[in-house]
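Here the structure is laid out as structure tokens; the discussion comes afterwards.
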Amino acid sequence: AEIATMGIDILESLAWRVNGPTPLEFVQHFLAVGLHDTEAANHPAVEATLLDFSRFQTELAIGMPALLSVTPSRIALAAILNSMEGIDDVALSPFERIAFLRSIEATSRLDPNARDLRPVRSLLVDGFVQNVGISFQQVAAQLGLGAQREEATRAAMSASNSSDGSGPEVSPVCV
């Protein structure tokens, strides 16, 4: 009886404002945990862009009935993965991306390569493009974080084409 009374007292003092973590809270946590050991930590525009892109997607997710059954942490991870697509390899290198994703996986036990994230990512990207009218890459290019990826990709492609064809393949897609 005392425990139940104490529980009621706590809930009343909180004005019954009790809820689980939101996708945005997971985004903030993942960014804090994952980026602190990377060079991107020295590039505040990268973290700010990832946060802004991801925040917008988590807000869009609220109005998507298809995502009602998806956990907030999975929505957050999908939003971050989508947001990383807009950041070029100069601002956030492939090695930093891998380290960042491994850190998220280690702390959350969420697999960034899980197949069930693909439809979530797709819904979020579609919502972003519908509401903004352009892609993540185009927005990032306007912020100065996307143009170098295209230039680096073109340079690598022309270097591999001018060699004997045994050069590395370059993918503009995030890890």
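Quick look at the numbers
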read-out: Leu67 closer than 16 Å to Leu110 by Cβ, over 13 Å from the mean Cα position of the chain (by Cα) and not β-branched (Val, Ile, Thr); value: yes
read-out: Filtered residues of the range 28-46 (kept if at pLDDT 85 or above and either out of contact with any helix residue (DSSP H, G or I) (no Cβ under 8 Å at 6 or more places or on another chain) or open to solvent by 80 Å² or more (accessible area, probe 1.4 Å) (or both)); value: Gln28, His29, Ala32
read-out: Of the criteria (1) at pLDDT below 90; (2) open to solvent by 20 Å² or more (accessible area, probe 1.4 Å); (3) not β-branched (Val, Ile, Thr), which one Ala66 fails; value: (1)
read-out: In the range 11-27, the residues that are surrounded by 10 or more Cβ atoms within 10 Å (Cβ to Cβ) and not in a loop (DSSP other than H, G, I, E, B); value: Leu11, Pro23, Leu24, Glu25, Phe26, Val27
read-out: All positions within the range 126-146 that are open to solvent by less than 60 Å² (accessible area, probe 1.4 Å) and in contact with a helix residue (DSSP H, G or I) (Cβ under 8 Å, 6 or more places away or on another chain); value: Gly127, Phe128, Ser135, Phe136, Val139, Ala140, Ala141, Gly144, Leu145, Gly146
read-out: Which listed residue is among the β-branched types (Val, Ile, Thr) and modelled with pLDDT under 90, from Val175, Val125; value: Val175
read-out: Scope the range 71-125; condition open to solvent by 40 Å² or more (accessible area, probe 1.4 Å), within 19 Å of Ala140 (Cα to Cα) and in a helix (DSSP H, G or I); matching residues; value: Pro94, Arg121, Ser122, Val125
read-out: Identity of the residue in the range 53-62, open to solvent by 30 Å² or more (accessible area, probe 1.4 Å) and either free of Cβ contacts under 8 Å to residues at least 60 places away in the same chain or polar (S, T, N, Q) (or both), that ends up farthest from His29 (Cα to Cα); value: Ile62
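The values are calculated or read from the model by the stated rules, or taken from the named source; none is laboratory data. The structure displayed is predicted, hence computed values, not measured ones. As a convention, Cβ positions derive from the backbone with ideal geometry for all residues, glycine included, and neighbour counts pool all protein chains shown. Surface areas here come from the heavy atoms of the whole protein model, side chains and all, with no ligands, DNA or RNA. Shrake-Rupley method; radii C 1.70, N 1.55, O 1.52, S 1.80 Å.
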